[in-house]
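Okay, structure first, notes after.
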Amino acid sequence: MPDKRIEKKVLSGKRLTPDDALRLFRTEDIFGLGRLASYASGVRNGNHVYFVQNRHINPTNLCVNRCRFCAFSRSRGEKGAFELSVAEVLERARQAPEGVREFHIVGGLHPDWSLERYTDMLSALKEHFPAVHLKAFTAVEIDYLAKSSGLSLNRIIMLMKDAGLDSLPGGGAEILGSRVRRRICPEKISGKRWLEVMRACHKEGLRTNATMLYGHLESPEDRVDHLRRLRDLQDETGGFNAFIPLAFQPGNTRIKTRTSPSGLEDLKTIAVSRLFLDNFAHIKAYWIMLGEKIAQLALLFGADDIDGTVIEEKIAHMAGTDASEVMAKADLIELIRRAGKIPVERDSLYNVVESYG
Ligand code: V47
Ligand code: SF4
């Protein structure tokens, strides 16, 4: 075991300190760490691993921010820039197979789309697909809409909810601490503001996810600080559904690292997140960023969710990932089963649709 004292704490359900998390990030006992995280996952979710039938839709990649780690965004007129009309968004939605339960919608910060452009998109989707959950817009986009419309954050959240928004994905968190944030995404809202937007959403009854982009310029201390801030907000609101560590994909970006994080780094990050975030019900191994094989191993290192069918993915693919863009439901089930786990299809709020035990 990585540390007897930490092991004792986990087995007796005691909360880990930031210093404990740092020790875990530094341990070389990867199997001991995995066993401990797997135990913590079992306490919360038994042997179940969740997946969702979803479809990603990116309405535009025009973005005024141009974060250094992002290969997806473009400026107006640049090669590869795109902006979808509401009709084209609907067309993408229609391509989703029978059984899809969630549209995951995120985009760049468009230089001149109006607030109505966003509410029209949500209401059109809701009108045509009333049974599909709309998980849309990161905290960064919500903040941008408030700033560009001159309306308050709470007003924007209300308008989005009225138009059909059901929950928010966890993007835009990156590394919340300002030292790294200034270097990887200087134009983006601060970590403090990201947390404020999430707090406001939770208070309005919208559930959200949280992410952490790792494997670039951050240190283990930066990761622990990030996790601590998320755990503190979760203590306050209880509004986060899942935590998703996002493995950095370096292709076509302006961050000088040669490779994406190693498999061991991926597994460690999943395991430490599971152990430290004791108030998060779910840790998601996002197979698009991890690759199918590491995502499968992550299920033995504390993850209890593997995300979904996805269908079309641009953010990781424009940054050079070699994972595929779509995984069929049957393949998700098989991947989970082969890890010795029970596949459970869920909706966006983790209600069970069907268990394949
Ligand atoms: O905010 C951008 C990240 C995020 C790169 O909530 C990159 O269920 C790696 O948040 N390498 C968007 N990551 C994706 C996201 C997400 C994905 C899946 C599920 C959920 C959920 C949320 O992608 C961005 C940014 O943090 N990102 N560029 C890159 N080169
Ligand atoms: Fe824009 Fe988001 Fe890419 Fe940053 S990560 S450049 S905010 S699309």
What 222 nm value per residue comes from the helices of the chain, counting each DSSP H run with n ≥ 4 as -39,500 (n - 2.57) and dividing by all residues, nearest 500 deg cm²/dmol? -12500 deg cm²/dmol
Local electrostatic count at LEU84 - Lys and Arg +1, Asp and Glu -1, tallied over other residues with Cβ under 11 Å: -1
Please list, ordered by chain and number, the residues whose modelled amide H lies under 5 Å from the amide H of ARG74; skip anything fewer than 5 residues away on the same chain. LEU62, CYS63
Most mobile of SER167, SER114, SER123 per a Gaussian network model of the chain (Cα springs, under 10 Å)? SER114
log10 of Debye I(q)/I(0), alpha-carbon scatterers only, for the chain at 0.07, 0.09, 0.13 Å⁻¹: -0.27, -0.46, -1.01
Euclidean distance between Cα centres, segment 154-184 to segment 275-325, Å: 20 Å
Accessible area expressed per residue, the chain, with surrounding protein chains retained (probe 1.4 Å, Å²): 40 Å²
Under the Karplus curve 6.51 cos²θ - 1.76 cosθ + 1.60, θ = phi - 60°, whole-Hz ³J(HN,Hα) for segment 260-277, x wherever Gly or Pro sits: 6, x, 6, x, 5, 5, 4, 5, 4, 5, 4, 5, 5, 4, 4, 6, 7, 7
For segment 280-324, which whole-number percentage of the solvent-accessible area (1.4 Å probe, protein heavy atoms only) is attributable to carbon and sulfur atoms? 59 percent
May I ask for the distance between the Cα centers of segment 77-120 and segment 220-244, given as a whole number of Å? 29 Å
Over the chain, with a Gaussian network built from C-alpha contacts below 10 Å, which listed residue (GLY308, GLY177, GLY77) shows the highest mean-square fluctuation? GLY77
With a 1.4 Å probe and all protein chains left in place, how much of the accessible area of segment 1-103 comes from carbon and sulfur atoms, in whole percent? 50 percent
Residues with amide H under 5 Å of LEU246's amide H, sequence separation 5 or more or different chain, H placed in the peptide plane at 1.01 Å from N; which? MET212, LEU213, TYR214
If you take every residue apart from ALA139 with its C-beta less than 9 Å away from the C-beta of ALA139, what net charge results, scoring Lys and Arg +1 and Asp and Glu -1? -2
Determine, at each q value in 0.20, 0.23, 0.29, 0.30 (inverse angstroms), the log₁₀ of I(q)/I(0) that the Debye formula gives when each Cα of segment 18-72 is one equal point scatterer. -0.82, -0.88, -1.19, -1.23
Under Karplus coefficients 6.51, -1.76 and 1.60, residue-wise ³J(HN,Hα) of segment 34-44 in Hz, glycine/proline x: x, 4, 5, 5, 5, 4, 4, 5, x, 4, 8
Long-range amide H partners of ALA173, meaning residues 5 or more apart or on another chain whose placed amide H is closer than 5 Å, are THR211
Charged-residue dipole, Cβ positions (Lys, Arg, Asp, Glu), segment 6-62 about Cα centre, Debye nearest 20: 200 debye
Could you tell me which of ALA131, ILE255, HIS202 has its Cα farthest along the dipole of the chain towards the positive end, charges placed at Cβ (Lys, Arg +1; Asp, Glu -1), taken about the Cα centre? ILE255
Check: segment 283-350 dipole with +1 on Lys, Arg Cβ and -1 on Asp, Glu Cβ, in debye: 240 debye
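The values are calculated or read from the model by the stated rules, or taken from the named source; none is laboratory data. Bear in mind that the values here come from a model prediction, so they are computed numbers and not experimental data. FYI the Cβ positions are ideal-geometry reconstructions off the backbone, even for glycines, and counts take in every protein chain you see. With ligands, DNA and RNA removed, areas are computed over all heavy atoms of the protein, side chains included. Shrake-Rupley method; radii C 1.70, N 1.55, O 1.52, S 1.80 Å.
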